[in-house]
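Report on one structure; see the data block that follows.
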Amino acid sequence: MQNFTFQNRTKIVFGKGTEGQVGEEVKEYSDKILFLYGGGSIKEYGIYDRVMDSLDEAGVGVVELGGVQPNPRLSLVKEGIEVCRENGIEFILAVGGGSVIDTAKAISIGVPYEGDVWDFYSTDKAVEESLPIGTVLTIPAAGSESSPGSVITEEEGGYKRDVVDNELRPEFSILNPEFTYTLPKYQTASGAADIMAHVMERYFTHEEHVGLTDRLCEGTLRTVIANAPIALEEPENYEARAEITWASTVAHNDLLGTGRVEDWASHKIEHELSGMYDVTHGAGLAIVFPAWMEYVYEEDVERFAQFATRVWGKETNYYSLERTAREGIKALKDFFHDIGLLTSLEELDVEISDDDLREMANKCTEDGPVGNFVKLGADEVLEIYKIAR
Ligand code: NZQ
Ligand code: ZN
């Protein structure tokens, strides 16, 4: 196990009715805030009113900005920065999913910065200052509710890039699993795939003696595997929704990566897809991750066999660990298919030519090889896109 520092400042307030505490939480920071949200689901399903009531009760003044799209765009980030500056805003409340939260994070580092906020995403410019943010989560998926990351798309070039800095972790996140009852099946399934991907990016490591985090990873994966089908069948099953919601946070709050080298190639490979074709991130991962596995599993057959037996309950084939390893990959692929996700690029509703695959592979590796389990250059990434096809 490697040395590590683990610090996660985000206060999690979890459970039914917890949105009633948002006013008090916000009040600790400011009595005038930017209230940021997405395309309108929060208004349709009553979340907006419940959050507003709590803010009103606490005497918090609100400037609103809606319209954050999935795969959130840089243009709205810039608009948000202007709105905050014009109104002297010192705190941002994001009510929604990863896209809204990531936009809030981008605005929070853009407001005190004199240059172009895209600098943080396109160069290694360090974050020095930010406005504090809080979140009310409506979809368990990205883990942005306590992660140090923000992912934004520069829409003109189709570049989807991230910035990762502890400064970006929210001060608090309010997680009411009931808010997730209204998710379309496709978003529930895509969210489950993203949560699993966050765990697997950490699980596939060559680091030895990471027994505790291996078990935590396996437990988190098994929780999602057990509960996602229930949530799809019974959208208002509180216990299933609660398990998935907590898994979303645990999968990506950095605990599961402690002491080990993480991979992250599949995420980078997927971000090209969602940056260029506006594919839903989790749905893209359901296609890319098994393809990545097929390409790399021979590097450490034992670890993949462990994944097959401990996560999917496959029997270890002592004559052929390779066969066991492949059974695990197949089980993952079958699971994604069973929860209603696509498992190949061809099934996507977009035309992707050979040249497009090459362009994505080049863009993905512009700053050098991706991944750590196996370091992948443009040619290797292209092979993975071809397997995913
Ligand atoms: O915009 P509205 O109308 O709110 O609808 C949203 C959106 O269409 C809808 N939705 C959300 N909550 C709902 C709901 N519909 C009904 N009922 C509810 N309760 O779901 C759609 C997707 O929302 P989005 O915020 O895009 O989903 P998600 O949380 O999956 O976020 C995806 C984004 O996060 C990034 C992804 O790349 C992608 O851009 N990620 C961020 C990470 C981070 N910051 O740490 C890490 C991840 O790996 C990921 O890359
Ligand atoms: Zn993700």
note = FRET efficiency (ALA126, ASP334; Cβ distance; R0 56 Å; to 0.05) is 0.85
query = What pairs from LYS32/LYS78; LYS43/LYS125; LYS333/LYS375; LYS27/LYS105; LYS11/LYS32 go past 25 Å between their alpha carbons?
reply = LYS43/LYS125
request  = Please list the non-local residues whose amide H lies under 5 Å from the amide H of VAL136, H modeled 1.01 Å from N, same-chain partners needing a gap of 5 or more.
outcome  = ALA94, VAL95, GLY96, ILE174
message = What is the percent carbon and sulfur in the accessible area of the chain, measuring with a 1.4 Å probe over the protein chains and ignoring ligands?
response = 44
request  = Compute the separation of the alpha-carbon centres of the range 1-68 and the range 97-148 and state it in Å as a whole number.
outcome  = 15
query = By how many nm would the segment from TYR181 to GLU79 lengthen if fully extended, with 0.36 nm per residue of separation less the alpha-carbon distance?
reply = 33.6 nm
remark   = Between VAL62 and residues 5 or more places away or on another chain, the pairs with built amide H atoms under 5 Å apart involve ILE33
key: Residue-normalised accessible area of the range 11-179, expressed per residue, 1.4 Å probe, Å²   = 38
Highest-fluctuation residue, VAL301, VAL199, VAL311 considered, GNM on the chain with Cα pairs under 10 Å = VAL301
ask   = For the chain, with equal point scatterers placed on the C-alpha atoms only and solvent neglected, what are the log10 I(q)/I(0) values from the Debye formula at q = 0.06, 0.15 1/Å, to two decimals?
value = -0.22, -1.41
task = Taking 7 Å along the Cα-to-C-beta vector as the label spot, tell me the VAL63-SER353 distance in nanometres, rounded to one decimal.
result = 4.6
ask   = Residue separation times 0.36 nm, minus the C-alpha to C-alpha distance between PHE14 and ASN317: what's the value?
value = 104.9 nm
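The values are calculated or read from the model by the stated rules, or taken from the named source; none is laboratory data. A quick note: this is a predicted structure, and the numbers were derived from the prediction, not measured. When we count neighbours, we look across all protein chains shown, and the Cβ atoms used for this are built from the backbone with ideal geometry, even at glycine. Calculation scope for accessible area: heavy atoms of the full protein, side chains included, ligands and nucleic acids excluded. Shrake-Rupley method; radii C 1.70, N 1.55, O 1.52, S 1.80 Å.
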